[in-house]
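Derivation of every value follows stated rules applied to the coordinates shown; laboratory data play no part. A quick note: this is a predicted structure, and the numbers were derived from the prediction, not measured. Glycine also receives a Cβ, built like all others from the backbone with ideal geometry; neighbour counts cover every protein chain displayed.
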Amino acid sequence: MTETLDVLEPATEEILDTIPRGGVDEVDAAVAAAKAAFPAWRAVAPGDRARLLRRLVAMMEDHHEELAVLEARNAGKPIGSARGEIGMAIETFRYFSGAPERPHGETIPVAGGMVLTVREPMGVVGLITPWNFPLAIASWKMAPALAAGNTVVLKPAELTPLTALRFARLALEAGLPEGVVNVVAGPGRECGARLVAHPDVAKIAFTGSTAVGRSIAAGASETIKRVTLELGGKSANVVFADADVEAAAKAAPWAVFDNAGQDCCARSRILVQRSAVDEFLSVLKGAVEAIRVGDPLDEATEMGPLISAGQREAVASFVNGDAEVAIRGRVPDGPGFWFPPTVLWPVPEDHPAAVDEIFGPVAVVVPFDSEADAIAKANDTIYGLSGSVWTRDGAKALRVARALESGNLSINSNSSVRVTTPFGGFKQSGYGRELGPHATDAYTEVKTIFMNTEGN
Ligand code: NAD
């Protein structure tokens with residue numbers, strides 16, 4: 001009998017769907033299908049591959065609302081956010097649908113002839129993704145991988161596999177050949193680990209926690225697999241006293257409580273220049289208490305539940321006696337993995353909430369004294385994914401942004417991710433970049449061909 005996986009709806013704690021549970025055999029079958037499909041897919045003429053990807057874009061557009069509702073229910077995110085994320089997945093495929101017709105290569109004159117470089121697809125690429133932005137993050141990987149001529153096996157997070165499974169059927173309907181897009185839903189330690197070990201998988205593109213990222217990098221070394229890692233974060237939101245403090249404080253909740261704080265870019269360390277702390281906290285209090293937490297399918301909802309009971313327990317462990325709760329929002333009664341938006345202040349510097357990734361709606365406010373102090377505090381972490389700098393002094397803004405050890409910074413803004421610009425981390429937030437003009441480079445190998453022009 002086929003084993004099954006119950007997929008829950010976090011806002012109700014009810015079973016939303018029951019699906020076949022993949023294991024090692026299913027991964028092996030998917031890799032074999034992807035390997036068989038690769039020669040024909042890489043041989044599709046660039047214009048035809050682009051056309052097929054554009055048909056997929058049209059198919060996703062036709063199913064935008066269906067996918068958004070499925071994502072909202074399965075991941076517990078507000079329907080408005082889910083629509084935005086599916087929109088981003090569509091934009092990602094649209095952007096990379098032009099890539100097959102823009103391959104990069106060089107010609108380099110050398111002694112005795114000419115060298116040309118070409119970028120070749122790698123073959124079967126394994127994609128392992130988390131539950132926080134399920135189809136959006138899968139699209140950041142699938143779109144450039146497919147555009148470059150690879151076939152893919154996607155292992156979505158076991159808590160949120162439904163949009164990926166629906167996507168795979170839409171890809172077939174759009175005309176992508178059988179075996180080009182494969183999805184196996186199952187536990188990471190079985191399915192993900194098998195993808196990492198599989199000798200026929202050329203590369204792993206992973207988004208998830210730093211702990212699992214470490215084991216993937218170690219496992220991939222056995223077969224010298226290419227790896228890109230988008231991992232955790234503990235980003236700083238640095239607010240100088242010469243900033244528009246009110247604007248910074250009003251924006252700060254969405255830099256950390258968006259997606260109920262389950263966001264790798266969450267600016268969960270809010271560093272505020274000491275002289276501005278009182279003003280900042282008083283505006284922040286109003287903004288946090290006004291957040292509407294509730295049913296993801298209610299259009300007015302701004303924050304949903306956490307993904308699971310386990311995640312709620314993990315988040316709750318950061319809110320303990322050593323750090324005072326200065327601000328706490330409201331949550332609905334009854335079933336659902338709810339957790340209120342929470343701001344801790346004051347917080348001991350070595351408190352876990354000030355040091356570790358929380359991945360829930362909990363932020364700490366930390367005072368700083370000078371520009372140098374702000375930079376030192378912001379960089380005092382193993383992570384380096386995102387961050388913000390708020391000041392009216394343009395030169396200082398750029399100076400501080402340059403000094404922060406982080407892959408994605410925003411000045412007088414908290415937005416980090418765009419389809420058209422590179423995204424990725426410094427330090428233990430990972431390596432490699434997704435999105436932007438060079439993302440297909442991570443799914444190709446450079447081949448150098450020398451042509452003798454002097455005869456033999
Ligand atoms: P996770 O690391 O627990 O799981 C991520 C994926 O890896 C899942 O599909 C899981 O099944 C799989 N997996 C688990 N163990 C595995 C193993 N041993 N071998 C192979 N695969 C395995 O992460 P999560 O809890 O799903 O997501 C939260 C984490 O993801 C946070 O740390 C967050 O910061 C990070 N994240 C990073 C980014 C980014 O772009 N940097 C984006 C979103 C989330």
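Equivalent-ellipsoid semi-axes for segment 1-143 (Cα gyration tensor, √(5λ), whole Å, largest first): 36, 21, 13.
How large, in Å, is segment 276-391 by the Kirkwood hydrodynamic radius built from its alpha-carbon pairs? Let's see the in-between values first.
On the way: mean 1/r = 0.0638 Å⁻¹.
Result for segment 276-391 stands at 15.7 Å.
For segment 298-456, pairs of C-alpha atoms spaced more than 20 angstrom apart make up 65 percent of the total. For Leu16, nonlocal amide neighbours, meaning residues 5 or more places apart or on other chains whose placed amide H falls under 5 Å from its own, are Val7, Leu8, Glu9. Fully extending the segment from Glu405 to Thr448, taken as 0.36 nm per residue of separation minus the present Cα-Cα distance, adds 12.1 nm. Of all beta bridges that DSSP places with both ends in segment 77-166, some 50 percent have antiparallel geometry. The residues His198, His63, His104, when put in order of fewest to most other Cβ atoms within 10 Å, stand as His104, His63, His198. Please give every one of the aspartates and glutamates within straight-line cross-link reach of Lys35, meaning a C-alpha to C-alpha distance under 13 Å, and leave out same-chain neighbours fewer than 8 residues apart. Correct list for Lys35: Glu178, Asp200.
Computed from phi, the 3J(HN,Hα) profile of segment 69-75 under the Karplus parametrisation 6.51, -1.76, 1.60 (θ = phi - 60°) reads 5, 4, 5, 4, 6, 6, 9 Hz, with x in place of Gly and Pro. At the listed q of 0.11, 0.14 Å⁻¹, the Debye profile of segment 86-180, built from one uniform point per Cα, gives log10 I(q)/I(0) equal to -0.39, -0.57.
Please order Lys427, Lys250 by the number of other Cβ within 10 Å, starting at the fewest. Numbers along the way, then the final one.
On the way: Lys427 18, Lys250 15.
Final ranking by Cβ density, sparse to dense: Lys250, Lys427.
Look at the dipole of segment 1-99 built from charges on Cβ: of Ile86, Gly23, Ala43, the Cα furthest out on the positive end belongs to Ala43.
Put simply, the C-alpha atoms of segment 153-205 give a gyration tensor, and the ellipsoid matching it has half-axes of 20, 15, 6 Å, longest first. Phi angles of segment 216-221 translate, via the Karplus equation with coefficients 6.51, -1.76, 1.60 and θ = phi - 60°, into HN-Hα couplings of 5, 4, 5, x, 5, 5 Hz per residue; Gly and Pro are given as x.
Gain in length, Thr223 to Ala247, computed as 0.36 nm per residue apart minus the alpha-carbon separation, to one decimal in nm?
So the chain would gain 3.6 nm between Thr223 and Ala247.
Quickly work out the Ile108-to-Ile382 label distance, labels modelled 7 Å from Cα along the C-beta direction, and quote it in nm with one decimal. That separation, rounded to one decimal, is 3.8 nm.
Each principal axis of the Cα cloud of segment 1-61 was evaluated for its coordinate range; sorted largest first, these ranges are 47, 32, 15 Å. Need one number: % antiparallel among DSSP beta bridges in the chain, to the nearest 5. Antiparallel: roughly 40 percent of the beta bridges in the chain. Averaging the sequence gap over all C-alpha pairs within less than 8 Å and six or more residues apart, then dividing by the number of residues, gives segment 114-214 a relative contact order of 36 percent.
Across segment 239-251, rounded Karplus estimates of 3J(HN,Hα) from the backbone phi angles (6.51 cos²θ - 1.76 cosθ + 1.60, θ = phi - 60°) give 10, 7, 5, 8, 7, 6, 4, 4, 5, 5, 6, 5, 7 Hz, Gly and Pro being marked x.
Given segment 208-353, report the % of alpha carbon pairs whose separation exceeds 18 Å. Working shown, then result.
Details: 6713 of 10585 pairs.
Taking all Cα-Cα pairs of segment 208-353, the fraction more than 18 Å apart is 63 percent.
Rounding to the nearest 10 and keeping the result within 0 to 90°, find how far the Cα-based axis of helix 46-62 lies from the longest principal axis of the chain. Roughly 40 degrees, rounded to the nearest 10. Among Met303, Met114, the ranking by other beta carbons within 10 Å of each residue's beta carbon, starting with the fewest, stands as Met114, Met303.
Length gained on full extension, Asn456 to His438: 2.6 nm, using 0.36 nm per residue less the C-alpha separation. Taken as Cα centroids, segment 244-262 and segment 328-392 sit 11 Å apart, rounded to the nearest whole angstrom.
For the chain, the alpha-carbon radius of gyration amounts to 1.02 times the rule-of-thumb value 2.2 N^0.38 Å expected for a compact globular protein.
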